[in-house]
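Undergrad: Below are the structure tokens for one structure; questions will follow.
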Amino acid sequence: MVIIEKGSRLGHGLEPMTRRALVDNLVERGIRILTSAEVTRIQGKKVVYRDNCGAMYDLEMDSVVVALGAKPDSKIPDLLKDGDFEVFSVMHCEKPCEVYRAMQEGMATARRI
């Protein structure tokens with residue numbers, strides 16, 4: 001599993017102790033974290049991304065989860081529907097909702113995948 005984060009660090013905006021606990025937990029689980037990287041396209045099972053130096057890389061993936069920020073955008077699932085993969089969207093993608101409910105919806109979706 002790989003997390004590709006556009007920012008220079010994962011968990012921007014989180015309280016420092018919460019952020020550290022999150023990152024430590026992910027690392028302990030063997031999850032690779034790439035920061036200062038931007039996904040440029042998804043083709044079939046391949047995710048293509050660019051690092052902060054402009055170098056391009058690709059990763060072969062079975063599943064892709066896209067998190068695009070705090071503002072809901074219902075157009076994103078429509079843009080992805082013609083890909084060679086299933087698209088799942090969680091509540092916050094469709095309309096704003098409270099954080100706890102969005103987390104529940106995200107966990108339920110992850111279990112389905």
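The values are calculated or read from the model by the stated rules, or taken from the named source; none is laboratory data. Predicted model only: the values in this text are computed from it and were never measured. Neighbour counts are summed over all protein chains in view; Cβ atoms, including those assigned to glycine, are modelled from backbone coordinates with ideal geometry.
Undergrad: Give the number of residues within segment 29-44 that are closer than 22 Å to Met107 by Cα and either modelled with pLDDT under 90 or loosely packed, with under 14 Cβ neighbours inside 10 Å (or both).
TA: 4
Undergrad: How about segment 46-66: which of its residues are touching a residue at least 24 places away in the same chain (Cβ under 8 Å), farther than 15 Å from Glu5 by Cα and loosely packed, with under 14 Cβ neighbours inside 10 Å?
TA: Result: Ser63, single match.
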